[in-house]
Amino acid sequence: MKLPSRPQDKIIIALDVPDTDGALRLLDSLGEPPALCKIGLELFTAEGPSVIKAVRSRGCEIFLDLKFHDIPNTVAHAVKSAAGLGVAMTTLHAVGGPVMMEAAAKAAVGTDLLILAVTVLTSMDSAQLVSTGITVEPREQVLRLAGLASGAGIGGIVCSPLEITTIRESYGEKLRIVTPGVRPTWAAVGDQKRVMTPSEAVKAGSDWLVIGRPITAAESPMEAYAKIVEELAS
Ligand code: C5P
């Protein structure tokens, strides 16, 4: 997938709504359609592939965020299905392991699909990791998983903005980086814990920013969107 050149194309709008009507209303409230929208578990489980068609008809490419984690054969076929839907990006959990990731990467060969490996969810802290048997610090685990993803031929990762610099230091431009947890100074932080502003995240080396509530819950989504684009452009 080509890297975005215009500032507005670095923003992926998270369509965290329960149905297609809500997704289209949200898109229409933005004025100009964004280059990329994220469809996640809630919306896809409710509406299925038809929501992808509906959102694409508004001129947006799709980041299908279903975070696959299963045996290699199953994940490879799921990746083929995602490619068949014509989405631009999809996700899997890096903890599925190198063999699963290699099978996924192979399944996407010959397509334009960018597979992103989710490293450590931003909702996990050290205590949560320890309870699952992982005793290293989250940052170390992120680095380890990014290394496995890169070695397996996966094109990019999803990580918190605070980990971008470490990943770039270790992997240069080999991995695309997508970061949620982005908050402009004027927006509520909400339940996100480890945040950066949009321009800080891009400066640190993020290729795309996933942004939900700072835009979608704003009084005027169009104004909030324009304000963030302006911040990125300056
Ligand atoms: O509303 P907000 O900007 O926090 O939305 C961020 C989006 O990114 C949500 O769809 C959320 O599920 C997703 N996400 C996240 N942290 C991760 C992975 C995905 O916030 N580690």
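The values are calculated or read from the model by the stated rules, or taken from the named source; none is laboratory data. Remember, predicted model here, so these are calculated numbers, not experimental data. Counting neighbours? That spans all protein chains shown, and the Cβs are built from the backbone with ideal geometry, glycine included.
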**Prompt:** Residues ALA82, ALA108, ALA76, ALA104: which one is surrounded by fewer than 22 Cβ atoms within 10 Å (Cβ to Cβ) and closer than 24 Å to ILE12 by Cα?
**Reply:** ALA108
**Request:** Could you grab the pairs with beta carbons closer than 7 Å, sequence gap of 6+ or different chains, first residue in the range 110-135 and more than 26 Å from ALA76 (Cα to Cα) and modelled with pLDDT under 95, second one more than 14 Å from the ligand (Cβ to nearest atom) and not in a helix (DSSP H, G or I)?
**Result:** SER126/GLU137
**Message:** Pull out all pairs, ordered by first then second residue, where Cβ-Cβ is under 7 Å, the residues are six or more apart or on different chains, the first lies in the range 208-234 and is of a type outside the set (Gly, Ala, Ser), and the second is part of a loop (DSSP other than H, G, I, E, B) and more than 12 Å from the ligand (Cβ to nearest atom).
**Reply:** TRP208/PRO4; PRO221/SER29; PRO221/LEU30; MET222/SER29; MET222/LEU30; MET222/GLY31; TYR225/LEU30
**Prompt:** Can you tell me which residues in the range 167-184 are part of a helix (DSSP H, G or I) and within 16 Å of the ligand (Cβ to nearest atom)?
**Reply:** ILE167
**Prompt:** Out of all the residues in the range 16-32, which are in contact (Cβ under 8 Å) with a residue 24 or more places away in the chain, surrounded by 14 or more Cβ atoms within 10 Å (Cβ to Cβ) and either among the small types (Gly, Ala, Ser) or away from the ligand (no atom under 16 Å from the Cβ) (or both)?
**Reply:** THR20, ALA23, LEU24, SER29
